[in-house]
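Throughout, read-outs are computed from the coordinates displayed, never taken from laboratory work. Keep in mind the model is a prediction, meaning the values are calculated, not measured. Neighbour counts run over all protein chains shown; Cβ positions are idealised from the backbone, glycine included.
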Amino acid sequence: MQKRYIPAVLLFALLFALLSLACPRPTPRAYAQEEQKRVYLTFDDGPSTVVTNRILDTLKEEGIRATFFVVSDRARTRKDTLRRIAREGHTIGVHSATHDYASIYASEQTFWQDVTECADFIRTTTGVVPCLYRFPGGGAHEKYAAMLKEHGYRIIFWNAVNGDEEIRDASAEDLLARAAETARGKRNVVLLMHDSAFHRQTAEALPAIIAHFRAEGYVFCAF
Ligand SMILES: [Zn+2]
């Protein structure tokens, strides 16, 4: 009787081994990655000389990569800052050439002219071929979104803000509070901020905003 059981036991063991190979259990690491909370710091409307460079200093000190949606007309006299963004490993996306809503959204032709002018400037100045886009003024703009997607652009919106465009005379504390409030309960946060010349408080608030997300268990990502 015993001999008959041996092949059956071997067969069962073999089947079990094969099943284990086919359906590997998630490792603790893979599980952790799946659960990881992420925050994408994004900066629109720069580069500016003082504010962008202060932001870059903070990101460097903290070892964090971010994403910058630039306005090429503002970058023409700040090529070094634009190159620094690229050199330090951050992602550069297209925001606009002019940031003038009336001319950008006048027609499909003017829209595309604005996109390509900004993209060409980024490419010739930094060597980076941008593939991300953020609409000036926000909004969905479906017909323009279709054009962008056809040309391989990924459109990046946001789901949290630091309030630097909406709160008048915001202090660094106000900006931290708004970022924390709008990101609350979200596992994937895309935080909208601005780095044009008059957003000094954004640079001022950045270390505290980074500390907040770190304390909440987020990892920092760039697109
Ligand atoms: Zn903008």
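Once you have the Cα-Cα distance between Ala197 and Cys131, take 0.36 nm times their residue separation minus that, and quote the gain in nm to one decimal.
Extra length from Ala197 to Cys131 when fully extended: 21.3 nm.
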- Out of residues 5 or more away from Arg38 or on other chains, whose amide H comes under 5 Å of its own, with H placed 1.01 Å from N in the peptide plane? Asn188, Val189, Val219
- Label-point gap, in nm, between Asp100 and Ala146 - each point 7 angstrom along Cα→Cβ: 2.8
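In what order do Tyr133, Tyr101, Tyr153 fall by count of nearby beta-carbon atoms within 10 Å, going from fewest to most?
Result, fewest neighbours first: Tyr101, Tyr153, Tyr133.
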- Label points 7 Å out from Cα along the Cβ direction at Lys60 and Glu117: separation in nm? 3.2
- Message: I'm checking a number: the convex hull volume of the Cα atoms of the range 147-223, normalised per residue, in Å³. What is it?
- Response: 114
- Total charge of the residues flanking His99 in space, meaning their Cβ is under 10 Å from its Cβ, with Lys and Arg +1 and Asp and Glu -1, is -4
- Query: For labels at Gln109 and Arg38 in the simple 7 Å Cα→Cβ model, what's the distance in nm?
  - Reply: 4.0
- With the Cα gyration tensor of the range 36-221 in hand, convert its eigenvalues to equivalent ellipsoid semi-axes via √(5λ) and list them largest first in whole Å. 26, 18, 16
- Message: Output wanted: per-residue J couplings in Hz (rounded whole) for the range 40-52, from phi through Karplus 6.51 cos²θ - 1.76 cosθ + 1.60, θ = phi - 60°, x for Gly and Pro.
- Response: 9, 7, 10, 10, 10, 6, x, x, 10, 6, 6, 5, 4
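Take Arg134, Arg54 and order them by how many other Cβ atoms sit within 10 Å, fewest up front.
Lowest to highest Cβ neighbour count: Arg54, Arg134.
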- Which listed residue (Ala170, Tyr218, Ala102) has the Cα farthest towards the positive end of the charge dipole for the range 101-223, taking +1 on Lys and Arg C-beta and -1 on Asp and Glu C-beta about the Cα centre? Tyr218
